[in-house]
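Everything on this sheet refers to the single structure shown next.
The values are calculated or read from the model by the stated rules, or taken from the named source; none is laboratory data. Predicted model, so just to flag it, every value in this text is computed and none were measured. Don't worry about glycine lacking a Cβ; one is built from the backbone with ideal geometry, like all the others, and counts go over all protein chains shown. Only protein heavy atoms, including side chains, enter the accessible area calculation; ligands, DNA and RNA are left aside. Shrake-Rupley method; radii C 1.70, N 1.55, O 1.52, S 1.80 Å.
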Amino acid sequence: MCGIVGYVGDRLGVPIALKCLSALEYRGYDSAGVAYIDNGKIYTEKRVGKLVNLYNSLKNKIIPSSCAIGHTRWATHGEPNKNNAHPQTDCNGILAVVHNGIIENFDSIKQDLIAKGVKFNSDTDTEVFAQLLAYNLCAKLMHNTMHNTAHNTIKFSKKTIIKALNKTIQQCEGAYAVAIVVAGIDDCIFFAKNKSPLIIGKGEEESYLASDTPALLGFANKFYSIKDGELGYIEKNKIVVFNDNLENVKIKFQQITIKTEQVMLGEFKHFMHKEIEQGASSIIETIDRIKKLKVLQKIPPKIFEDKFNLHITACGTALHAGLIAKYIIENQLRVPVDLDYASEFRYKKPILDAHSVCLFISQSGETADTLSCVELAKQKGATTIAFTNVPASRMESIVDFVVPTGAGPEIAVASTKAYLAQLAALYAFIEYLAIILKKEIKFNCGMIKNLALKYSHQDYTKVLDDIVEEIKNEESIYFIGRGVDYLLALEGALKLKEISYIHCEALPAGELKHGSLALINNNSFVVAVLTQSNLIEKTLNNIHELNSRGAKVILISPFTNLENFVYKQIYIPNVNDLLTPFVAMKPLQTLAYKVSISKNLDPDKPRNLAKSVTVE
Ligand code: F6R
């Protein structure tokens, strides 16, 4: 994971790098650091913990440098301490590197460099990259018999640096997006990318690098998503990109407009709260965008002829949205759907061919596991369709068709509004598929929009108050449901566990008695989701089983006359059975949010997690 930025222009670089980094902190917050060049010399400043620690250490300093790189870390190699924080430098202070990704063969390179006398200062694979690049630069230098000169006083040409960088990336295996400053070159940042995201942003008389486009909001308005294997450099008025044969690449910028208020907290204390409240507008915006851009019509109907087979692949919350799509497609269209966690799909030798249509769901469009499945599907000749939320993401650039979700920037690590946007996009796709397959379905996008509009002000913050106080110190909470309700329970449990650190487990209600009921006693809390009218009695039976063991059942349901059978009921709107996911998720998300804040945790930045999981 990790977030990286780079700035070169006429303004002071460090404050800009810090500002851009603040929008990337969701990618990791174990440590943060910047490197800048002043009078040809490289300086670094790093702090352990959140970005605010780095910010406080720099806030009273005026650093006269207009070229800076920055990093916010999610630790992979080496504990989160200052030595392991980025930027990493080589032992001669020739260059500084910020990196997102994993250099898989770092250890063998490191041993090789140690044998050649290179001294290491950290446990990171990034330092290995920095040392190797410096070694490759200097090896060239030695060859040119200039080895008596102190290395950090030599001015390398950009051509020499690019050649050494190309050699370095050929030697490194794995995923990387790197930004590099080199001593002696004041106004230039070098970069290279493979599998981890990296964007070039262009502003007036200034250029940027960043892990994603929202990080450059208010700074750049034209973007280029660097492709795997590309490398080059940015200057304030010049962008140079090469392919791995060191041939010049002509790049085309994409104009993307993001409004400032989309990434500000506004009246809210936390992004997660703001984003839960934006659920309804995400649904509406997604449907409007899909209709306006006619994106579904670009998917040729012929791919759904004859022997087509459908696959859905995603991770986490996106997978939970996919589970609902699978349920509706099978239930309504009677078309079988294979669904897999991306991390499982890629290693199970999936059965794919030219008749396969693979749907990939990803908020970020950068999740490493999902991306590798896209590549696999492409190799097998399958048609690939991505449902993504971040424009210019890597996934968008490699799939055959993109169905954009319109959630706008999602900052909180736990996904909320993007889940609803994914559902809206998937339902729109199902509606389109029904037309192609000439099948009838009992919903349409207009109904979903109306429902989102009608219930957008539904507020669960007050009704959950008592429950939150009661469950916040629990060690374990179970979630149950049947059919679609089980799929909602899965997402409700994921939300609560990831930001409250309470162990939460979702079960199909009917499965309870096949094992897990053994764990239920009179201290247990169980959240039961019941939105499907044909399953009221069945789920109620399971609630009775729980009641008999003393469990306290919190029921999320629109149905009346159930209150007497449960500890507490949270009423949700009563809508078409197929559309309940659009109204049942808000109380589950709100419950998770409220438990997290009642425990004085930071719901936007849960421990050990990052928003974009760009490592396997
Ligand atoms: C949970 C959450 C994660 C993501 C998962 C996939 O709240 O946010 O489970 O859903 O990491 O991320 P994307 O959708 O970016 O591929």
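Within the set of pairs 6+ apart or on separate chains, which have a first residue in segment 154-176 that is closer than 21 Å to Ile4 by Cβ and of a type in the set (Val, Ile, Thr), a second that is open to solvent by 20 Å² or more (accessible area, probe 1.4 Å) and assigned to a loop (DSSP other than H, G, I, E, B), and C-beta atoms under 8 Å apart?
These pairs meet every condition: Ile162/Leu246; Ile169/Asp244.
Does segment 267-278 contain at least one residue that is touching a Cys at 6+ places or on another chain (Cβ under 9 Å), within 16 Å of the ligand (Cβ to nearest atom) and open to solvent by 30 Å² or more (accessible area, probe 1.4 Å)?
No, there is no match, as no residue in segment 267-278 is touching a Cys at 6+ places or on another chain (Cβ under 9 Å), within 16 Å of the ligand (Cβ to nearest atom) and open to solvent by 30 Å² or more (accessible area, probe 1.4 Å).
Return the only residue of Cys358, Cys373 being under 30 Å from Ala177 (Cα atoms) and assigned to a helix (DSSP H, G or I).
Matching residue, one of Cys358, Cys373: Cys373.
From (1) away from the ligand (no atom under 14 Å from the Cβ); (2) in a loop (DSSP other than H, G, I, E, B); (3) under 19 Å from Ala210 (Cα atoms), pick out the condition that doesn't hold for Ser397.
Exception for Ser397: condition (2).
Inside segment 591-611, can you point out the residues that are within 12 Å of the ligand (Cβ to nearest atom), aliphatic (A, V, I, L, M) and not in a loop (DSSP other than H, G, I, E, B)?
Ala592
Among the strands (runs of 3 or more DSSP E) lying completely within segment 181-226, list those that include at least 2 residues that are open to solvent by 10 Å² or more (accessible area, probe 1.4 Å).
199-203, 222-225
Restricting attention to strands (runs of 3 or more DSSP E) lying wholly within segment 1-119, give those where 1 or more residues are open to solvent by 20 Å² or more (accessible area, probe 1.4 Å).
31-38, 41-48, 95-103
Could we say that Lys599 is among the basic types (Lys, Arg), surrounded by fewer than 23 Cβ atoms within 10 Å (Cβ to Cβ), over 22 Å from the mean Cα position of the chain (by Cα) and within 30 Å of Ala75 (Cα to Cα) here?
yes
Could you check, for segment 334-342, whether at least one of its residues is open to solvent by less than 10 Å² (accessible area, probe 1.4 Å), modelled with pLDDT of 95 or more and in contact with a helix residue (DSSP H, G or I) (Cβ under 6 Å, 6 or more places away or on another chain)?
yes
Can you tell which of Ile329, Ile351, Ile361 is within 17 Å of Thr383 (Cβ to Cβ), within 14 Å of the ligand (Cβ to nearest atom) and among the β-branched types (Val, Ile, Thr)?
Ile361
Go through Ile361, Ile290, Ile256, Ile312 for me and flag whichever is under 24 Å from the mean Cα position of the chain (by Cα), open to solvent by less than 30 Å² (accessible area, probe 1.4 Å) and either within 30 Å of Glu204 (Cα to Cα) or modelled with pLDDT under 95 (or both).
Ile256
Can you find even one residue in segment 567-575 that is crowded, with 19+ Cβ neighbours inside 10 Å, assigned to a helix (DSSP H, G or I) and either more than 25 Å from the chain's Cα centre (by Cα) or within 16 Å of the ligand (Cβ to nearest atom) (or both)?
Within segment 567-575 (the criterion being crowded, with 19+ Cβ neighbours inside 10 Å, assigned to a helix (DSSP H, G or I) and either more than 25 Å from the chain's Cα centre (by Cα) or within 16 Å of the ligand (Cβ to nearest atom) (or both)), the answer is no, since none of the residues qualifies.
Can you go through Gly78, Gly70 and tell me which one is closer than 24 Å to Gly174 by Cβ, touching a residue at least 12 places away in the same chain (Cβ under 8 Å) and in contact with a Phe, Trp or Tyr (Cβ under 9 Å, 6 or more places away or on another chain)?
Exactly one of Gly78, Gly70 is closer than 24 Å to Gly174 by Cβ, touching a residue at least 12 places away in the same chain (Cβ under 8 Å) and in contact with a Phe, Trp or Tyr (Cβ under 9 Å, 6 or more places away or on another chain), namely Gly70.
Quick check on my filter: what residues within segment 487-523 are of a type in the set (Ser, Thr, Tyr) and over 22 Å from Ala412 (Cβ atoms)?
Ser516
Restricting attention to segment 401-450, which residues are more than 16 Å from the ligand (Cβ to nearest atom) and aliphatic (A, V, I, L, M)?
Within segment 401-450, Ala428, Ile430, Leu433, Ala434, Ile435, Ile436, Leu437, Ile441, Met447, Ile448 qualify.
Does segment 414-440 hold any residues that are under 14 Å from the mean Cα position of the chain (by Cα) and either part of a helix (DSSP H, G or I) or surrounded by fewer than 24 Cβ atoms within 10 Å (Cβ to Cβ) (or both), and which are they?
Those that are under 14 Å from the mean Cα position of the chain (by Cα) and either part of a helix (DSSP H, G or I) or surrounded by fewer than 24 Cβ atoms within 10 Å (Cβ to Cβ) (or both): Lys417, Ala418, Tyr419, Gln422.
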